[in-house]
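This report refers to the structure that appears directly beneath it.
The values are calculated or read from the model by the stated rules, or taken from the named source; none is laboratory data. Computed from a predicted model, the values in this text were never measured in an experiment. Cβ coordinates were reconstructed from backbone atoms using ideal geometry, including for glycine residues, and neighbour counts include every protein chain displayed. The area values use the complete protein model at the heavy-atom level, side chains included, leaving out ligands, DNA and RNA. Shrake-Rupley method; radii C 1.70, N 1.55, O 1.52, S 1.80 Å.
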Amino acid sequence: MISYYTPPIGTSGAVRVTKFAKYLKYFKWEPIILTTKITAYYHYDYTLLNDLNNIKIYRSETLDLGRILHLLKIHVPPPTEAQTSLSLNLNFLLYPDAKRFWIPFASVLGKKIVNKEKPNAIFATSPPFSTLIVGVLLKRKFEIPLIVDFRDPWPTGYKPPPKFLQKKLIKLRNFIINSADKVLVINDTIKEELNCTNAVILPNGYDPEEFDRPSKSVAKFSIVHAGNIVEVLESLILVANSIKDFKETKLVLVGPCPPDIRRKLQQFENIVCLGALSHQETAAVLSGASVLLYISKPNQAVGIKFYEYLGAKKPILVIGKFPKEIDVLLKKHSVGIAVSLNPKEIRHFIHNLILKKFTFSPINVSEYSYFVIVQKLEKIFKELLCLQNF
C-alpha cells in the first residue's frame, strides 16, 4: 500500500489508507505500507497509529519541503487562506505535483520491499499523484497487479492548473490509468473527470468502532462542524449570527484554527472553538452533537467528513451550494436537509430541531462502514489475483 500521507500526520488524506489497512487484517490480508518519514505538519494524530498495530510500515526519505522543515525543527502553524493557496500553486510549479521529490526515494525502497515481502498486489492512493507513479514503476518492474486509487479529481482537482499544463497532466493521468489493473474512485464526479468508464466507485466511510465509544456533549444544543475552518469562515459566521437568539445553543468547531481566525471568532459568544482534535476525540464530539453542520468546499463532491457524519447518526444540516452527490446521500439515507445561505432558513431549521418538529431515521448508512467497504476492496483483490493466476 503506497501512501504519502499516513499517521501520525493528522490529515484526512491519511484516514482512508489507515482504515483500509486496519480492516484488511480482518479478511486475513497482510497490509504492508510504503510511506514517507515524518514531515512537518500542523496537526499530528498519534491515536490513528493504533489502527496500524502489527502492520509493517516502511518509511523512505524525501526532499519535500515538509520533510526539510521537520529536519530543521521548524514548527508549521495551521494554514491561513493565503498559505493554502500557495500550497496549491506549488503543485503547478512542480511536475506532476509538489511531492515529486519523494518518487526516487519511494521507488528504491519499494523495490527492496517487493524483493523482501513478495506482495501479491500493489495499492497506490492519491493525492499526491506522485504515489501513483511509484506504483506504476513497481508494477512495470515486478509485474504485480496494480490498483490506483483517486481520492480527488485530476488534473483539475479543486483548483484547476494553468491551461498550458493540463494537456501534459492528462497525458500522464491516462498513462497511469492504462498501466493499472484496476482504477478506484470515491464518487461519480471523479469517475467522470477521469473519463474512465470501468473505474470502480469505492467511497470513503466511517469506522464503526470509533462510534461505539462514549460520546462527548459540548452544549445543551450543539451544532458541530468538523473540518477546515478557514475556507468556510464566512458561512460559519453566518450560522453563528443566525442562531444568536437561541439560548444554550452553540456552534462547535472542530478543526485547525489559526490565531487570527480564533481572535475573530472570540467576539461570538455562541461559538466554541475546540481546535484540531484526534480522530477518536472528533468522533466522540460528533456522536454528542445535536446536529452536524456540513459546508461544501468549492468544486468538491463529498468530503470525507460527511461519511463520518453518517457514522454519528445525527441530523445533518447542509448549507450553501452543494453537489448532486450530497443531495443523493441526504435523500437516499434520510439523514438531514439542505438549505441555502439564508439566515431565516437556517434559523427555521434549527428552531424546528430544538422543538423536535423534525425527526430523522437514518437508513442503510452501514454501507459506508469501512468494514463493508474493505469487504468490497478485498473482493477486487481476489478477482485480480484470479485473473493473474488464470
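Observations on the structure shown:
- Dipole magnitude of the stretch 198-267 about its Cα centre (Cβ charges: Lys, Arg +1; Asp, Glu -1), debye to nearest 20: 440
- Placing +1 on the Cβ of every Lys and Arg and -1 on the Cβ of every Asp and Glu, with nothing else charged, gives the chain a dipole about its Cα centre of roughly 440 debye.
- Interchain or long-range residues, amide H under 5 Å from VAL185's placed H: PHE150, VAL200, ILE201, LEU202
- Charged neighbours of HIS70, selected by a Cβ distance under 11 Å, balance to +2 (K, R count +1; D, E count -1).
- Expressed per residue, the C-alpha convex hull volume of the stretch 138-253 stands at 166 Å³.
- A straight line joining the Cα centroids of the stretch 1-52 and the stretch 132-175 runs 21 Å.
- Positive minus negative residues near ALA284 (Lys, Arg vs Asp, Glu; Cβ under 13 Å): -3
- Dipole-positive endmost among ALA21, PRO79, TYR95 within the stretch 1-148 (Cβ charges, Cα centre): ALA21
- Given charges at Cβ of Lys, Arg, Asp, Glu: the stretch 160-251 dipole, positive-most of PRO214, ILE170, PHE246: ILE170
- Simple point charges give the picture: +1 on the Cβ of Lys and Arg, -1 on the Cβ of Asp and Glu, and for the stretch 156-292 a dipole about the Cα centre of about 580 debye.
- For the residues LEU172, LEU292, LEU253, a GNM of the chain with alpha-carbon springs under 10 Å puts the largest fluctuation on LEU172.
- Cut-off 11 Å between beta-carbons: net charge of the residues surrounding CYS273, Lys and Arg +1, Asp and Glu -1: +4
- Sites listed here are trypsin sites (Lys or Arg not before Pro) in the stretch 14-51 whose DSSP assignment is loop and whose Cβ has at most 11 other Cβ atoms within 10 Å: LYS28.
- Against the criterion of solvent-accessible heavy-atom surface with a 1.4 angstrom probe, THR189, THR249 sort, most first, into THR189, THR249.
- Heavy atoms of VAL76: accessible area, 1.4 Å probe, square angstrom to 10: 40
- Degrees, to the nearest 10: 324-333 long Cα axis against longest axis of the chain: 70
- Dipole of the stretch 182-231 [Lys/Arg +1, Asp/Glu -1 at C-beta], most positive-end residue of THR189, PRO203, ILE223: ILE223
- Percent of alpha-carbon pairs separated by more than 37 Å within the chain: 21
- Ratio Rg/Rh, restricted to the stretch 303-372 and using Cα atoms, in which Rh is the Kirkwood radius: 0.98
- 10 Å binning of all Cα-Cα separations within the stretch 70-226, expressed as whole percents from 0 upward: 9, 29, 30, 23, 8, 1
- Calculated FRET efficiency, LEU72 to THR47, Cβ-Cβ distance, R0 = 30 Å: about 0.65 to the nearest 0.05.
- Mean Cα-pair separation over length for the chain, i.e. relative contact order, pairs under 8 Å, 6 or more apart, %: 14
- P(r) for the stretch 132-186, from all Cα pairs and a bin width of 10 Å, is 24, 48, 25, 3 %, short bins first.
- With one equal scatterer per alpha carbon and no solvent term, the Debye-computed log10 I(q)/I(0) for the stretch 251-390 at 0.11, 0.18, 0.20 1/Å reads -0.51, -1.18, -1.38.
- Annotation: amide H of TYR44 within the under-5 Å range of GLY10, sequence separation 5 or more or interchain, hydrogens built in the peptide plane.
- Largest GNM mean-square fluctuation across HIS225, HIS75, HIS43, computed for the chain with C-alpha springs under 10 Å, falls on HIS75.
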